[in-house]
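A.B. asks: Here's a structure for you.
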């Protein structure tokens with residue numbers, strides 16, 4: 001694990017195992033993923049940004065340990081796991097899902113991330 005990533009989790013060390021499991025699986029579903037650690041988020045790219053993790057508080061009631069996963073799709077994902085969804089541009093929907101345990105990085109979630117990576121590749 002690189003120093004930037006460790007520093008990102010400095011104030012939230014309990015969330016680091018969530019990220020590690022998510023990243024391990026993401027590299028299987030999107031092998032060419034590029035990771036960029038920034039001050040407020042860790043971004044996932046292929047040619048374009050397709051998702052990120054942060055500590056964005058998308059629920060009023062938050063557990064002590066969480067990680068918010070954000071990704072874009074070409075349609076609104078009507079699913080109870082989605083905590084917030086916006087349409088910043090016509091036909092582009094941003095979804096926020098709060099991860100609270102390593103089991104949240106399941107096949108369903110990883111398929112959505114793979115789909116988000118494919119969708120982002122269609123951007124001009």
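Please treat every number below as a calculation from the coordinates, not as lab data. In this text, all values refer to a predicted model and were calculated from it rather than measured experimentally. In this analysis, Cβ positions are derived from the backbone assuming ideal geometry, glycine residues included, and neighbour counts consider all displayed protein chains.
A.B. asks: Checking residue 65 against (1) touching a helix residue (DSSP H, G or I) at 6+ places or on another chain (Cβ under 8 Å); (2) more than 27 Å from residue 11 (Cβ to Cβ); (3) in a loop (DSSP other than H, G, I, E, B): exactly one of these is not met. Which one?
C.D. replies: All conditions pass for residue 65, except number (2).
A.B. asks: OK, next. What number of residues in the stretch 68-84 are in a strand (DSSP E or B) and over 21 Å from residue 30 (Cβ atoms)?
C.D. replies: 1
A.B. asks: From the list 7, 26, 56, exactly one residue is part of a helix (DSSP H, G or I) and farther than 13 Å from residue 105 by Cβ. Which is it?
C.D. replies: Within the list 7, 26, 56, the selection yields 7.
A.B. asks: Where residues in the stretch 59-81 are surrounded by fewer than 18 Cβ atoms within 10 Å (Cβ to Cβ) and touching a residue at least 40 places away in the same chain (Cβ under 8 Å), which of them is farthest from the chain's Cα centre (by Cα)?
C.D. replies: If we take residues in the stretch 59-81 being surrounded by fewer than 18 Cβ atoms within 10 Å (Cβ to Cβ) and touching a residue at least 40 places away in the same chain (Cβ under 8 Å), then 64 is farthest from the chain's Cα centre (by Cα).
A.B. asks: Of all residues in the stretch 36-52, which are buried (at least 16 other Cβ atoms within 10 Å of the Cβ), assigned to a strand (DSSP E or B) and in contact with a helix residue (DSSP H, G or I) (Cβ under 9 Å, 6 or more places away or on another chain)?
C.D. replies: 41, 42, 44, 45, 49, 50, 51, listed by residue number.
A.B. asks: Within the stretch 29-43, identify whether any single residue is touching a residue at least 40 places away in the same chain (Cβ under 8 Å) and either more than 15 Å from the chain's Cα centre (by Cα) or at positive phi (or both), and answer yes or no.
C.D. replies: Checking the stretch 29-43: not a single residue is touching a residue at least 40 places away in the same chain (Cβ under 8 Å) and either more than 15 Å from the chain's Cα centre (by Cα) or at positive phi (or both).
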